[in-house]
Each structure stands twice: as structure tokens, then as C-alpha cells.
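Below is one structure, written out as C-alpha cells; comments come after it.
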Amino acid sequence: MKQPILFILILMAVCLHSAAQPRDYVWTSPSHHSGESMPCGGGDVGMNVWVENGDILLYISRSGTFDENNTMLKLGRIRLQLSPALDTTALFMQRLCLHDGYVEISDGQKTIQIWADVNKPVVHIDVEGKKPVGVLATYESWRYRDREMTKRESFQCSYKFGAPAGTLTRKDVITASGNSVSFYHQNPDSTIFDATVCEQKIDVVKDQLYNPLQHLIFGGRLSGTGFVYVDNYVGSYDHTDYQGWWLKSREVAKKHELILTMATINGSLEEWNEAINRTTRQINSSADRKKSRQWWNQWWQRSFVYGDGDCEEVTRNYMLFRYMLGCNVKGQWPTKFNGGLFTFDPSRVDTAQAFTPDYRRWGGGTFTAQNQRLVYWPMLKSGDYDALKVQLDFYRRLLGNAELRTKTYWNHEGACFTEQMENFGLPNHDEYGRKHPAWFDAGIEWNAWLEYTWDTALEFCQMALEMERYDANYKADEYIPLVKSCIDFFDQHYRLLSRLRGRKEFDGDGKLILYPGSACETFKMAYNSTSTIAALRCVTSSLITYLSSHGADSIDIYKYTKILNTIPDIPTRIIDGHQIFAPATHWERVNNTESPMLYPIWPWRLFGIGRDSLPLALDTWNYDPYVKKFYGHISWEQHNIWAACLGLTDEAKSLTLKKLSNGPHRFPAFWGPGHDWTPDHNWGGSGIIGMQEMLLQEVDNKILLFPSWPKEWNVHFKLHASRNTTIEASLRDGQIVDINVFPKERQKDLVLPEYQ
């Protein structure tokens, strides 16, 4: 039965009102340590903010702060002490204002607002009291001295399991005078880049390789009008000694402002100082605050998911995680899967790893593609293409290095991007193999998990092509050389390997022989890996469609059509009388716990809801023994996504509750460590992808609304689809009470759930 019109209008009004702005997230008691911190940030800056024993503390992180060992260093810690002290009893409040993108702390008499300028690398700390207040601000650094890395601690850098004895995190240069404290870290002439190039026998092209660590300087200046430097001291916090530099307000006053100005450059110290001074001259606190808040307001208008009742917690955490992703929209470097900009003292994640605040597992300048993709796939449906470009530009920037690597080792064309890859495009130093045999192919990692694991880069190629399909304002043309080169690598390399084994380049059916290969990191020494075949089929088809629609040279179209015709079919096998997708035609061993036989469903969308092949996909889900064995929701595990794409509503619901319910820390979207570290961003990314797929899917230009969403979960959402389309809809008490499609002509493409 349809609801009365008046009732529908009331519900629409309630839903639209809730969409006006996201709900604030509030604490009414202080924290005990950094593991109970709250994220805050913007532009390319992230902060952990918490109140402990009346002190306000901030960890400062910024995109691109890679030291000589490729640790992603924090910029330090700021401690704020007020006089009279902050009252942390009855009227205390710490609030994350999502709509405007700042954190506010108050006790009824004093209010502190902490915010990052979205448009320039500046953090503002504004103190206001109903009565005059004094402020003591301390810049604290554990890098006031050289620190030798312990064996386990080296996991924070690119040496990972095996840093040479005596490896140091070198000290920063820290000076204080007048009303400011300045600090910077300057990489020496020789870095992990040089060690990696030497280890991987690629010295012959070293001078041609892009090296982002060379002459890198990063740091900042903490200052305040009306403040004066008074002294420094040595202390200890959470197992780590530090030195602090005091800035004290000259007078008590009702208003104080502290400003942290940052700079990161590849250049000289003089150029770094000029960058700091130039940014300082550009600061206009009032105007900058207004522009930053307007930016955040627009961010929340792009897309949202609001729920109540049984799904209120998971939808709230969806929004909290998306806020964290929004803090690196303008970074040069992608948001790291293993903590992003919001790692905190490692002892609060694992008591056995009581290292400095710079620590995170799986490295700082190493980007694991299988994990990174989960952070960035959801940005298509969120409409966050500016944030997605940060990851795509990462690959575009490294294209030359990947092509030089291919040419040097194998003398053919194409870009070989490996799975665990440095920010300069070579395999991770440690994962390449410190004992890499001289007789073994120098281009292959001597690593049981990573050997021949090359196909993940194709997912980022597809994202680039999809981005323009979603919004024509974001052009894919700058990424087409990347897409072509990635396809060229597989075509040329596997033809080469066939020639090295025998006379023919192709099998008896004229198809590529993708051997040796790898189905994710799990099915190793694979013959015709399903994840690779699905990726090549999808990306090559998408490239041909792009070239055809953009007036490309017919020679190019012919070339990639010919390549497409050589890609083998996805292998299948029979289990208990059922035909299912196989992870590969053959494999020699199983290393990890991934399910590549489900990759044709997602991310490649070749099978699933609304397609004739759904039974084959469902049988793979139901009968494959590895799918059952590896079933889970932890970290990068993505069964929630596959359940949603298969229309398995009950399982999608159950897995989403496990994925996106509150994490183990005080801030509910700090999940992990899972398989990685905390906050686990590929945990959050896979969670919100699954929720998006439950709400909205596309099949052959049809838009499936609520394809896997439980009808008992009340929700209001706005998401993006291809062809510059946005869909806003509300479901309440099992009834769709509002649908708004833009542009209007796409309303005809909507497919409603059967219960409507």
C-alpha cells in the first residue's frame, strides 16, 4: 500500500533536513592518551587531537613527509596549557564539527578551536575565554636527537624487516627565538632510493629515475602574536623521550591565536625558508576560515549516507571515515592505507611495539596497491574525484620509472608496477629480497608473496577511465599513456616469456599464456590468473571505448582490439557438480587468504546482479572451498562487497555491521590494526564500498536502487553514478519515500527493488 501524500512529504522534509549537514561527533569527558584522540584536518594535513590531564595535545601529520629511510615522519606534537586550567568536569566538551571541518574544545568558560586551512599548509589554534586567560604552548619533538632504529622498529621504513645495523632516524633542526619555534627535517644526499637502485641492479638508468626523496626538506614554524619563547626542557611521553620548546603569551587576554605554518619542498634550505615566509604572508585568518568551512560544506553536499535505528552506527562511521579521507584532497601523495594522516603512539595499538609516534607497520613511503585501491574505489560514487586524482597522479608520476624498469630488465615496452612499491616506483627495498640470487631474473622480486604480482595497477587505470565516465569535467586524457603502458606490459612481457620457453608466442587458440603469474598474493605461480584476465579484459575494453569516443587514431584502436582478442577466457572448474570460477587454470601453492575467483564480480563487474551470468557467480560464492575458508570482514577482506554485488542482502547486512560498527578505539572510525595498522584505512574503505554497492549499482546503463539494502534499515543517501548523474533517495519503513535523480532524463534508467 502506498503511503498518504502528506506523510510522504513530512518524511521527505525530515530526510532533507537531516541532509543539510552531518551530525557533530561529541565527547563529554577528556581522554587518557593519544589512542583516545580525535581526527582533524584539511587540505593535506591531519591532526590527532585529545585532552589529557587538562592539557590539549595535537599530533601533526602532513602528506609527503618522507625521511631518508622512507619513514613518514610526523611534524611533531603541540601541547597547550591554559591558565586558569581547562576544566574537564561537568561542562567539558570536545566536538568534531564535520560540517565545517574543525575540532572545538570547551569547558563553558574557555573555547579552543583547532582547524586546518584547506587551501594552504597552515593549522590554526584559536583560544577564546569569557574572561582573560593565559596560554603556554609547547612544541614537542622526539627527533631532537638522532635515534637508532631497533630491529622491529624498522618496519616503519622501507628497510622493513632488515634495516642495517646503526640505521638512524636523523634529528631535525629545531630553533626558537622571538615569538616562534621553527623546525625542519632535511634528507641527506644518500637515501633509501640509492640503496634500492643499487640492490635492484638498475644503476645504469639511475640518473633518469624520478627521486622524490632527493633534497627533500619538510617542517614548519609555530608562532603567535603576543607570544614569546621562554625556555626548553626534556620530558617523556608514552615510552618516548622528547624535548619541548615553550611559547608563552605575554599577557592574559580573552583571545589568542597560534599558527603553525608548514612547507615541504625538494630544494635548498633558503628555498624552504622562503616557502614558509611566503605562506605566512598569505595568511588571512578570518577569510581563510570562511573559505575552509565553505569547502567542507560543499564536501558534504557532494554525497552522504544517513541512517537511523539499526544502521545509525554504521552510517555515522561511514561519514566519519569519509571526513578522514577529505583531509588529504590536496596532498601530493595518496592517503596511506596503514593509518593515513592519523596514526598515534604505537603502544596504544600494540603494547609490544612501544616505539616513537613515527611508527606504523608496513612502511611510510611504501604503497601496497592491493590495499590502496580500497581507499580510492569508493571516491567514484562519493563524487570525490579531486581526492581520487591524488592516487591517480601518483601512478602517472611514476610511469617513467616503471617503464625504465621494464626496458632495463627485459628490453621491451610497457610499465611494470609491482605490488609493494616505493614512492619512486621501484619494488620495496626489503620485499625485493636482500638475498636476491645473482642467477634469478633481476626484475622479479625474490619473494613468495609478491613474485609476478603486477595486475593491481590495472585497477587504478580503470579508476582513471571511470572518473571521466562519472564526471566529464575530470578528463582521462592525462592518464591514457599510463593505461596503454600497463596493458602493453602484459602483452609484451608474456609474449616474451612464451618465446623464451618455446617457438610460439600464443597458445593453440591464439591467446596469451599468462604464466608465471599470480592471483592476488594468494594463488602463486599461477597459469592464467582469473584476477589478471578479468583486469585485462575490463581495462582493455574500457580503453577501446574511450579511444573510439575521443576520435583516436584507428591504428591505436586496432592495436588494443587485437590485444583484447588475445586475452584468454576466465577459467572455471567443477566443484560438487557446479561450474564456478577458478582462481587460475593451475597454481602451485596458496600463500595468503584472498579470493581472486570473485574478482570478476568486483572490482571488474563482469558478473553479478542484473546479468545473465549471475548463477555462475552465485555458485562460486556458495561452493568454492577457498571462498568459504577465507570468508571474513577484517581489514582488506572484501566479502561484504561481493555479497552486495551478488544481491545477498542478509549477508551484506551482517558483514557491514561487522565492518563498520565501532572500532576498538575511542574514535569509532579508528579500525584495526587488522592485517595492517591503526587506523586501518583499507578496513574503512572496503566497508564503505560495500555500503555503496548495497545502495546503488549500475548494470548496462540501468541504475539499480537499493539492490542489496535491507528494507528495514531507514536511510537517506546521495551518491554518484556514471554520465554526470547523482541519485538522492530515502527509504523508510520499507518504502521509498523520495527519489531525486539529476539529470532528470536518467530517471528512466532507475530500477527499483522488488518490494516496491
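Restricting region 341-399 to residues that are within 26 Å of THR456 (Cα to Cα) and among the acidic types (Asp, Glu), the residue that is surrounded by the fewest Cβ atoms within 10 Å (Cβ to Cβ) is ASP386. In the condition set (1) under 28 Å from the mean Cα position of the chain (by Cα); (2) assigned to a strand (DSSP E or B); (3) surrounded by fewer than 23 Cβ atoms within 10 Å (Cβ to Cβ), HIS99 is compliant with all but (2). The sole residue among ALA85, ALA165 that is of a type in the set (Gly, Ala, Ser), over 26 Å from SER31 (Cβ atoms) and open to solvent by 60 Å² or more (accessible area, probe 1.4 Å) is ALA165.
Take the conditions (1) in contact (Cβ under 8 Å) with a residue 60 or more places away in the chain; (2) surrounded by 15 or more Cβ atoms within 10 Å (Cβ to Cβ); (3) over 26 Å from TRP446 (Cβ atoms); GLY610 misses just one of them, which is (2). Look at region 193-211: where a residue is of a type in the set (Asp, Glu) and a partner is surrounded by 15 or more Cβ atoms within 10 Å (Cβ to Cβ), sitting 6+ places away or on another chain with Cβ atoms under 8 Å, you get GLU199/HIS429; GLU199/TYR432; GLU199/HIS436; ASP203/VAL197.
Could you check region 533-569 and list, in sequence order, the residues that are under 27 Å from the mean Cα position of the chain (by Cα) and in contact (Cβ under 8 Å) with a residue 40 or more places away in the chain? Walk me through how you get there before you give the answer.
Initially, region 533-569 is screened for residues under 27 Å from the mean Cα position of the chain (by Cα), giving 533-543, 546.
Those that are under 27 Å from the mean Cα position of the chain (by Cα) and in contact (Cβ under 8 Å) with a residue 40 or more places away in the chain: ALA534, ALA535, LEU536, ARG537, CYS538, VAL539, THR540, SER542, LEU543, TYR546.
Results for (1) farther than 19 Å from LYS330 by Cα; (2) free of Cβ contacts under 8 Å to residues at least 40 places away in the same chain, shown as yes or no for each residue.
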position: ASN69; (1), (2): yes, no
position: LEU73; (1), (2): no, no
position: ALA85; (1), (2): yes, yes
position: LEU91; (1), (2): yes, yes
position: TYR102; (1), (2): no, no
position: ILE105; (1), (2): yes, no
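Checking ASP189, ASP241 one by one, the residue that is outside any strand (DSSP E or B), open to solvent by 10 Å² or more (accessible area, probe 1.4 Å) and on the phi < 0 side of the Ramachandran plot is ASP189 and no other.
Restricting the first member to region 379-396 and to residues that are modelled with pLDDT of 95 or more, and the second to residues that are of a type in the set (Asp, Glu), the beta-carbon pairs closer than 8 Å and six or more apart or on different chains are LEU380/GLU466; GLY383/ASP471; TYR385/ASP471; ARG396/GLU478.
The residues of region 447-494 that are farther than 21 Å from ILE601 by Cβ, open to solvent by 40 Å² or more (accessible area, probe 1.4 Å) and touching a helix residue (DSSP H, G or I) at 6+ places or on another chain (Cβ under 9 Å), listed by number, are TRP449, ASN473, TYR474, LYS475, ASP477, GLU478, PRO481, LYS484, GLN492. Tell me yes or no: at least one residue of region 168-182 is open to solvent by 30 Å² or more (accessible area, probe 1.4 Å), in contact with a strand residue (DSSP E or B) (Cβ under 9 Å, 6 or more places away or on another chain), without any contact (Cβ under 8 Å) to a residue 40 or more places away in the chain and not aliphatic (A, V, I, L, M). Within region 168-182 (the criterion being open to solvent by 30 Å² or more (accessible area, probe 1.4 Å), in contact with a strand residue (DSSP E or B) (Cβ under 9 Å, 6 or more places away or on another chain), without any contact (Cβ under 8 Å) to a residue 40 or more places away in the chain and not aliphatic (A, V, I, L, M)), the answer is yes, since at least one residue qualifies.
Would you pick out the residues in region 524-567 that are among the charged types (D, E, K, R) and over 30 Å from GLU588 (Cα atoms)? Step through it out loud before you land on a result.
First pass over region 524-567, keeping only residues among the charged types (D, E, K, R): 524, 537, 553, 556, 559, 562.
Selection gives ASP553, ASP556, LYS559, LYS562.
Just one of (1) open to solvent by 10 Å² or more (accessible area, probe 1.4 Å); (2) in a loop (DSSP other than H, G, I, E, B); (3) among the charged types (D, E, K, R) fails for LYS336. It is (1).
Say we look at region 449-485 and pick out the residues that are polar (S, T, N, Q) and outside any helix (DSSP H, G or I); which of these is nearest to TYR599 (Cα to Cα)?
Looking at the filtered set, the residue picked out is THR456.
Note on region 121-147: among residues that are open to solvent by 10 Å² or more (accessible area, probe 1.4 Å) and assigned to a loop (DSSP other than H, G, I, E, B), the one that is farthest from LEU168 (Cα to Cα) is PRO121.
Taking LYS291 as the residue in question, decide whether it is more than 25 Å from GLY134 (Cα to Cα), in contact with a Gly (Cβ under 6 Å, 6 or more places away or on another chain), surrounded by fewer than 23 Cβ atoms within 10 Å (Cβ to Cβ) and modelled with pLDDT of 95 or more. I'd like the intermediate steps shown before the answer.
Values: more than 25 Å from GLY134 (Cα to Cα): yes; in contact with a Gly (Cβ under 6 Å, 6 or more places away or on another chain): no; surrounded by fewer than 23 Cβ atoms within 10 Å (Cβ to Cβ): yes; modelled with pLDDT of 95 or more: yes.
No.
Can you report the number of residues in region 258-270 which are more than 13 Å from PRO121 (Cα to Cα) and touching a residue at least 40 places away in the same chain (Cβ under 8 Å)? Steps first, answer last, please.
Of all residues in region 258-270, those more than 13 Å from PRO121 (Cα to Cα) come to 258, 266-270.
From what is left, the residues that are touching a residue at least 40 places away in the same chain (Cβ under 8 Å) are 258, 266-269.
Residues meeting the conditions: 5.
Checked against (1) in a helix (DSSP H, G or I); (2) farther than 11 Å from ILE487 by Cβ; (3) polar (S, T, N, Q), GLN579 meets all criteria but (1). All conditions in (1) open to solvent by 30 Å² or more (accessible area, probe 1.4 Å); (2) free of Cβ contacts under 8 Å to residues at least 60 places away in the same chain; (3) within 21 Å of the chain's Cα centre (by Cα) hold for THR418, with the sole exception of (1).
Mind counting the residues in region 421-453 that are free of Cβ contacts under 8 Å to residues at least 60 places away in the same chain and among the charged types (D, E, K, R)? Reasoning before the result, please.
Residues of region 421-453 that are free of Cβ contacts under 8 Å to residues at least 60 places away in the same chain, as a first pass: 421, 433, 435, 437-441, 443-447.
Still in the list and also among the charged types (D, E, K, R): 435, 441, 445.
Residues meeting the conditions: 3.
Would you mind finding the one in ILE557, ILE533, ILE567 that is touching a helix residue (DSSP H, G or I) at 6+ places or on another chain (Cβ under 9 Å), under 30 Å from LYS475 (Cβ atoms) and open to solvent by less than 20 Å² (accessible area, probe 1.4 Å)? Give the steps one after another, and end with the answer.
Values: ILE557 fails: open to solvent by less than 20 Å² (accessible area, probe 1.4 Å); ILE533 fails: touching a helix residue (DSSP H, G or I) at 6+ places or on another chain (Cβ under 9 Å).
Among ILE557, ILE533, ILE567, only ILE567 is touching a helix residue (DSSP H, G or I) at 6+ places or on another chain (Cβ under 9 Å), under 30 Å from LYS475 (Cβ atoms) and open to solvent by less than 20 Å² (accessible area, probe 1.4 Å).
The values are calculated or read from the model by the stated rules, or taken from the named source; none is laboratory data. Note that the structure is predicted; figures quoted are calculated from it, not measured. Note that each Cβ is placed from the backbone with ideal geometry, even for glycine, and that neighbours are counted across all protein chains shown. The area values use the complete protein model at the heavy-atom level, side chains included, leaving out ligands, DNA and RNA. Shrake-Rupley method; radii C 1.70, N 1.55, O 1.52, S 1.80 Å.
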